[in-house]
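Written below as structure tokens is the structure these notes are about.
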Amino acid sequence: MIGYIKGTIEEVRGDSVVIENHGIGYVVKVPLTVLDNVKVGTQETKLYTYTYVREDQLALFGFDSISQLHMFEMLITVNGIGPKAALGILSAMSVSALMMAIVSQDDKLISKAPGIGPKSAKKLILELKDKVSAEDILYQETTDQTGMATTPENSARHDAYLALMALGYDSDSASKAVSSVEGADEMDSDMLLKQALKFMLK
């Protein structure tokens with residue numbers, strides 16, 4: 001097993017990078033967020049890796065944070081979600097946004113990832129909801145070093161959720177309130193929080 005590779009990115013090949021370490025070029029498949037930050041041949045890069053071994057395939061998958069690697073490992077335990085689909089999910093959203101979607105059971109948000117339909121999104125939530133807690137999300141928010149940009153709607157949902165938690169609401173209630181706001185994707189965090197609070201006070 002290879003825990004991580006540290007070296008210089010020498011080439012980008014589609015969804016993969018070639019990272020050189022001690023004269024050996026490793027081909028590593030990475031999320032789009034890693035590709036967006038790649039600087040070929042200019043600086044040392046560290047990728048945390050997962051070695052995928054099957055009878056007909058041997059591949060390395062690389063991530064720029066431990067948390068992203070751990071989430072990838074969780075995703076591929078879900079029946080029907082392979083490495084390619086897991087990589088697509090992590091290309092579409094940050095680890096903290098994905099955790100938020102799982103806890104709030106937001107299958108619509110997850111199904112926006114490439115290769116993930118509504119049924120797969122619901123199955124993902126069903127199988128992982130007990131493995132992600134509100135504490136995990138709060139910790140991830142402060143330690144996520146992926147540099148991934150969340151979409152405005154993801155950020156607003158997350159901010160509103162954290163604000164409700166700070167006000168003393170429990171995880172399930174906060175998640176349900178945020179998910180129940182109609183048109184949430186079009187709102188900023190302040191508006192979404194106000195609407196979520198109205199839902200809580202019904």
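The values are calculated or read from the model by the stated rules, or taken from the named source; none is laboratory data. Since we're looking at a predicted model, the values are computed, not measured. Don't worry about glycine lacking a Cβ; one is built from the backbone with ideal geometry, like all the others, and counts go over all protein chains shown.
What the table below lists for this structure:
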quantity: Selection status of Val53, of a type in the set (Val, Ile, Thr), buried (at least 22 other Cβ atoms within 10 Å of the Cβ) and assigned by TED's automatic domain parsing to the domain that holds Ser16; calculated: no
quantity: Pair list, Cβ under 6 Å, 6 or more apart: the stretch 117-133 residue assigned by TED's automatic domain parsing to the domain that holds Gly82, other residue of a type in the set (D, E, K, R) and buried (at least 17 other Cβ atoms within 10 Å of the Cβ); calculated: Ala121/Asp107; Lys122/Asp107; Ile125/Asp107
quantity: Filtered residue count, the stretch 31-52, keeping only those that are of a type in the set (Val, Ile, Thr) and either modelled with pLDDT of 90 or more or more than 24 Å from Pro114 (Cα to Cα) (or both); calculated: 5
quantity: Residues of the stretch 87-96 classified as in a helix (DSSP H, G or I) and within 13 Å of Lys112 (Cα to Cα), total; calculated: 5
quantity: Top-ranked residue in the stretch 70-80 [being among the aliphatic types (A, V, I, L, M) and crowded, with 21+ Cβ neighbours inside 10 Å; ranked as nearest to Ser120 (Cα to Cα)]; calculated: Leu75
quantity: Filter result for Val28 (outside any strand (DSSP E or B) and either under 23 Å from the mean Cα position of the chain (by Cα) or at pLDDT 95 or above (or both)); calculated: no
quantity: Residue in the stretch 134-142 that is part of a helix (DSSP H, G or I), within 17 Å of Met74 (Cβ to Cβ) and at pLDDT 80 or above present; calculated: no
quantity: Output for the stretch 1-25, where each listed residue is closer than 20 Å to Pro114 by Cβ, without any contact (Cβ under 8 Å) to a residue 40 or more places away in the chain and part of a loop (DSSP other than H, G, I, E, B); calculated: Gly14
quantity: The one condition in (1) modelled with pLDDT of 75 or more; (2) of a type outside the set (Lys, Arg); (3) surrounded by fewer than 17 Cβ atoms within 10 Å (Cβ to Cβ) that Gln145 fails to fulfil; calculated: (1)
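Per-residue answers, yes or no, for (1) crowded, with 19+ Cβ neighbours inside 10 Å; (2) out of contact with any Cys (no Cβ under 8 Å at 6 or more places or on another chain); (3) β-branched (Val, Ile, Thr); (4) under 30 Å from Leu162 (Cα atoms):
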residue	(1), (2), (3), (4)
Gly25	no, yes, no, no
Val34	yes, yes, yes, yes
Gly62	yes, yes, no, yes
Met99	yes, yes, no, yes
